[in-house]
Amino acid sequence: QVQLVESGGGLVQPGGSLRLSCAFSGRGFSVKAVGWYRQAPGKQRELVALLTSGGSINYADSVLGRFTISRDNYKNLVYLQMNSLKVEDTAVYYCNVGGLSSGAWGQGTQVTVSS
């Protein structure tokens, strides 16, 4: 059974950094696309960063140059390095492995950017 567990969220001041991690348990991790999404209160869930099995990466315009997605196919881990955090980055961040239609989701981790 596939399971995703996110960690690394927390409270940080504007301009600070956090690194989110997502641990995948299951089969076929290395051939699946991985992504990070976020949902702020009252807003729809949105894509933050997507990394395909072939290495292609897409970022939301709002995080371009500040966030970096990466993966470790040996450890079945997905990372999101977040730098220069802004108040508007505050949201619950979710990891996805395998795509929107049939992929797995983690439980989410809260990121709060506040002074």
Filtering segment 67-90 for residues that are closer than 12 Å to S17 by Cβ, of a type in the set (S, T, Y) and within 14 Å of the chain's Cα centre (by Cα) leaves a count of 1
Could you list, in sequence order, the residues of segment 50-86 that are of a type in the set (K, R), open to solvent by 40 Å² or more (accessible area, probe 1.4 Å) and part of a loop (DSSP other than H, G, I, E, B)? K75, K86
Restricted to segment 1-10, and to residues that are in contact with a strand residue (DSSP E or B) (Cβ under 6 Å, 6 or more places away or on another chain) and either of a type outside the set (D, E, K, R) or not in a strand (DSSP E or B) (or both), which residue is least open to solvent (accessible area, probe 1.4 Å)? L4
Do we find a residue being surrounded by fewer than 13 Cβ atoms within 10 Å (Cβ to Cβ) and either in contact with a helix residue (DSSP H, G or I) (Cβ under 9 Å, 6 or more places away or on another chain) or in a loop (DSSP other than H, G, I, E, B) (or both) anywhere in segment 29-37? no
Of all residues in segment 103-115, how many are touching a Phe, Trp or Tyr at 6+ places or on another chain (Cβ under 7 Å) and part of a strand (DSSP E or B)? 3
Tabulated pairs, segment 51-68, first of a type in the set (S, T, Y), second outside any loop (DSSP other than H, G, I, E, B), C-beta under 6 angstrom, 6+ apart or interchain: S53/V31; Y59/A49; T68/Q81
Taking segment 87-102 and the residues there that are closer than 16 Å to R38 by Cβ and not in a strand (DSSP E or B), the one that is most open to solvent (accessible area, probe 1.4 Å) would be E88
When segment 11-24 is checked residue by residue, the ones that are loosely packed, with under 13 Cβ neighbours inside 10 Å and more than 15 Å from N83 (Cβ to Cβ) are L11
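The values are calculated or read from the model by the stated rules, or taken from the named source; none is laboratory data. None of these values were measured; they are calculated from a predicted model. Cβ coordinates were reconstructed from backbone atoms using ideal geometry, including for glycine residues, and neighbour counts include every protein chain displayed. Keep in mind that these areas ignore ligands, DNA and RNA; they rest on the heavy atoms of the full protein, side chains included. Shrake-Rupley method; radii C 1.70, N 1.55, O 1.52, S 1.80 Å.
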